[in-house]
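Scroll down for the structure; my scribbles are underneath it.
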Amino acid sequence: MGKSPQELKKGHSSGKIKKLTYSKGMFALALLIIVVSTWLVYHNTLEHSFHFDDLHVIQKKDQITDIKNFKDVTYWINPNNRPLSYFTFALNYRKDGLSPKPYHTTNIVIHIISSILIFILLIRIFETDRMRRHRIYPYTYPLAMLAALIFALHPVQTQSVTYITQRMASMAWMFAVASLIFYLHGRVLHSRGKSQAKYLPAYITSLLLWIAAMLSKQNAASLPLICLAAEFIFITNKNRQPYKRFLIAGSGFLLAIVVLTVVAGLIPTEKGALSPLEYFATQMRVILKYMQLSFIPVNLTLDYNFRESTSMFEPAVLLSMLIHIVVVVIAFLLRKREPLIAFGIVLFYLALAVESTIIPIRDVIFEHRMYLSLGGFAIVMSTLFFELFRMTGKRWLYIIPVSYLLILGIGAYDRNKVWKDTCTLWEDTLKKSGGNSRAWLAVGDCYKQKGDLVTAMDYYNRSLELDSANTTALNNRGNLKLSQNDFEGAIADYTTIIAISPESRWLALFNRGIAHLRKGDYLKAIEDFSARIEYTDNIDPQAYFNRALAYVYLGDDNRAIEGFLEVLKLKPSDQDALFNLASVLMNSDRLAEAVTYYTQLLSYYPDHVTGLHYRGVAYLNLGRRADACNDWQKAANKGFDQSLSSLQKYCREVQL
């Protein structure tokens, strides 16, 4: 499509540009390249294990074990629950249980879709009037495909894709990019005077997709800002100026959302996080680190052990802020001449707006937070290459993006090997961050799993040398000491946790109670279990159970019985509580009640031969020898020798 010299000048073009047409086959080929390239880079993760937060998000999350848990409408209303992400985990669990492969497959598919959406987003952007006049317009498809491949293959993306829990991040931005695509489609139709019947469905779809993004993870809250930026940069009227009324309306909509979010108390908070100002100061340096990782993705690690800033006036913070201001000013100045570069820069920053500004998060830096920011980076890099190619016309320059993509893909494939299991992941982290207390702790856990308890203890000690307030390290070291019958050492570690960490106090009280119980200090054990039971927001049947055991050892059968009954109120099928309750009742000569609970135990656990045998003993003491012999016969048939002895002693004359 030709342009007049005047139009070309306004569009910042140096000559007459004709529209290049691409067939459906070319579109399909681009999609095929994106799909195959991404799959080749990530297929080696399919057999990788669960990691880090996967333990409590997937492996120990009761929410995902039953689809019926998602029928509660109130659960879906609060985006802090991330219900849509958890729903996909529940679908994986329903079909495949805790086999990691389907979870990994789902994550890879989500990443492929997100990469394709980056490709489609750029094509949609090129349909706006500003980009249709731009000199780089003829390179629409190859530029879009290059950006999508940079996004797909960048090594930093491995944390969002291979780390199963971070499906939350990739899903959120997948829906957000789709929402942006429909928003731009609606705006293009609207700005060209199309009927409401044509553009309104696009707006509605965009809104629904944004809601889906928010229900996946809250960081998609910055999407309205991204839409405003796209509106300002790409959507123009006949005078080639932005539509002010849309910008004003969009700003009002965004302000209303912020106010409603604050009033409704939906902004999440984390205990142990920095103050908002300290967090913002730290994030100025963190974002600079994200920039470095975008350009030079080396020394990637799960846990950066990043130094926190406590003042806005630190030289490193001030320098970082200055760099960010310069970059944003450059984007503003380029918005007409190089709108794609301007938008890529803005997208990089706005995609980080929720997690890297003033809402404090305990962990100040994670690679998965860069997921969509790398989309902005990819747009900038792709645009720079095709501007270079447009100016020179040298076809051999294509070796640059091809080589770059190969480097990225090989780097991502190699990085994925590190995610093989928890031990390889944390050993890699420790190599790159020797002062990281959490890494020493995690590798210590690996040695404990391997049975090398001496080395595990050394690693726990080193972790606590680096951070004496690391409650997980204290707890794990205490557990290791307890397993070695070092009761005093274990009690000391648990006592330290109780003193320094209110949020970890309930677990430490329980563990210290176990240590006292095993040590034989039953009164102190009861005291700790009772204190643990006071935490009614996190009820644990095991606290009631172990307190009841302590009463058994003290000979206080009545309180022991009360304790076991409390367990059964919380968990009627608890095997140990049923057996011990029945046994204490029998020892208290409450034989009929003992039979009742032995029978209840056997209804849940028919192969519980010990319960079968002792119900026989209770029957014998009640004068029901035939019933006793019947139970002993069943237990003896299952190989329980004690029942065989009882049969020989009491049942020779009984007809079974």
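The values are calculated or read from the model by the stated rules, or taken from the named source; none is laboratory data. Computed from a prediction, not measured in an experiment: that's the story for all the values here. Here Cβ is always computed from backbone atoms with ideal geometry, including for glycine, and neighbour counts include all displayed protein chains. Heavy atoms of the whole protein, side chains included, go into the accessibility calculation; ligands, DNA and RNA do not. Shrake-Rupley method; radii C 1.70, N 1.55, O 1.52, S 1.80 Å.
Roughly how tilted is helix 609-621, in degrees to the nearest 10 and between 0 and 90, from the longest Cα axis of the chain?
With both axes taken from Cα atoms, the answer is about 30 degrees.
Label-point separation (nm) for Glu127 and Gln575, each offset 7 Å from Cα along Cα-to-Cβ?
Simple spin-label model gives 6.0 nm for this pair.
Under a 1.4 Å probe, what is the accessible area of the range 31-91 per residue, stated in Å²? Write down the numbers at each step before the final one.
Working: 3170 Å² over 61 residues.
With the other protein chains kept in place, the range 31-91 gives 52 Å² per residue.
Taking each pair of distinct Cα atoms in the range 63-203 once, what is the resulting Kirkwood hydrodynamic radius in Å? Numbers along the way, then the final one.
Values: mean 1/r = 0.0578 Å⁻¹.
For the range 63-203, inverting the mean 1/r across all distinct Cα pairs yields 17.3 Å.
Output the lone cysteines of the chain: those with no second cysteine's C-beta under 4.7 Å from their C-beta.
So, Cys227.
Between Asn80 and Asn299, what is the spin-label point distance in nm, taking each point 7 Å from the Cα along the Cα→C-beta axis?
3.7 nm
Let me cross-check Ser588: its accessible surface, 1.4 Å probe, with only protein heavy atoms counted, in Å² to the nearest 10?
Around 40 Å² of this residue is reachable by solvent.
Treat each spin label as a single point 7 Å out from the Cα along the C-beta direction, and report the Ile325 to Lys24 distance in nm.
5.4 nm
For the range 261-399, what % of the accessible area comes from carbon and sulfur atoms, probe 1.4 Å?
Values: 4570 of 6430 Å².
C and S fraction of accessible area: 71 percent.
How far, in nm, would the chain grow between Phe313 and Val35 when pulled straight, counting 0.36 nm per residue and subtracting the alpha carbon separation? Let's see the in-between values first.
On the way: separation 278, 0.36 × 278 = 100.08 nm, distance 4.66 nm.
Here the answer is 95.4 nm.
Out of the range 323-352, which trypsin sites (Lys or Arg not before Pro) are coil in DSSP terms and have no more than 14 other C-beta atoms within 10 Å?
Working: sites: Arg335, Lys336, Arg337; in loops: Arg335, Lys336, Arg337.
Counting only loop positions with at most 14 other Cβ atoms within 10 Å, the trypsin sites (Lys or Arg not before Pro) in the range 323-352 are Arg337.
For the range 512-582, which whole-number percentage of the solvent-accessible area (1.4 Å probe, protein heavy atoms only) is attributable to carbon and sulfur atoms? Mind showing how you got there, number by number?
Working: 1530 of 3470 Å².
Its accessible area is 44 percent carbon and sulfur atoms.
Return the ratio Rg/(2.2 N^0.38 Å) for the range 271-342, where Rg is computed over Cα atoms only. Could you put the intermediate results ahead of the total?
Numbers: Rg = 14.6 Å, N = 72, 2.2 N^0.38 = 11.2 Å.
The range 271-342 yields a ratio of 1.31.
So if R0 is 45 Å, what FRET efficiency would Arg362 and Asp627 give, r being the distance between their Cβ atoms, rounded to the nearest 0.05?
Values: r = 59 Å, r/R0 = 1.32.
That gives a FRET efficiency of 0.15.
Mark the label point 7 Å from the Cα of Ser99 along Cα→Cβ and return the residues of the range 37-69 whose backbone N is within less than 18 Å of it.
So the set is 43-50, 59, 65.
I'd like the accessible area for His56, computed on protein heavy atoms only with a 1.4 Å probe and all protein chains in place. Round to 10 Å², please.
The value for His56 is about 100 Å².
For the range 333-408, what Kirkwood radius comes out of the mean inverse Cα-Cα distance, in Å? List each step's numbers first, then the result.
Details: mean 1/r = 0.0702 Å⁻¹.
The Cα-based Kirkwood calculation yields 14.2 Å.
Given the peptides 80-86, 369-375, arrange them by the average over their residues of other C-beta atoms within 10 Å, most packed first.
On the way: 80-86: 18.4, 369-375: 27.3.
Per-residue Cβ counts within 10 Å, averaged per peptide and sorted highest first, yield 369-375, 80-86.
Would you tell me the accessible area of Met457, worked out with a 1.4 angstrom probe on the heavy atoms of the protein chains, in Å² to the nearest 10?
So the heavy atoms of Met457 present about 30 Å² to solvent.
Counting only protein chains, not ligands or nucleic acids, how are Trp173, Trp210, Trp39 ordered by accessible area (probe 1.4 Å), most first? It would help to have the intermediate numbers written out before the result.
Numbers: Trp173 5, Trp210 35, Trp39 90 Å².
These residues rank, largest area first, as Trp39, Trp210, Trp173.
Size of the chain along its principal axes in angstrom, Cα-based, largest extent first?
Ordered largest first, the chain gives principal extents of 114, 55, 50 Å.
Where only protein heavy atoms count, and the probe is 1.4 Å, what is the accessible area per residue for the range 504-569 in Å²?
Details: 3250 Å² over 66 residues.
Here the residues of the range 504-569 average 49 Å² of exposed surface.
Extent of the range 361-465 along each principal axis, from alpha carbon coordinates, in Å, largest to smallest?
Cα spread of the range 361-465 along its principal axes, largest to smallest: 65, 29, 18 Å.
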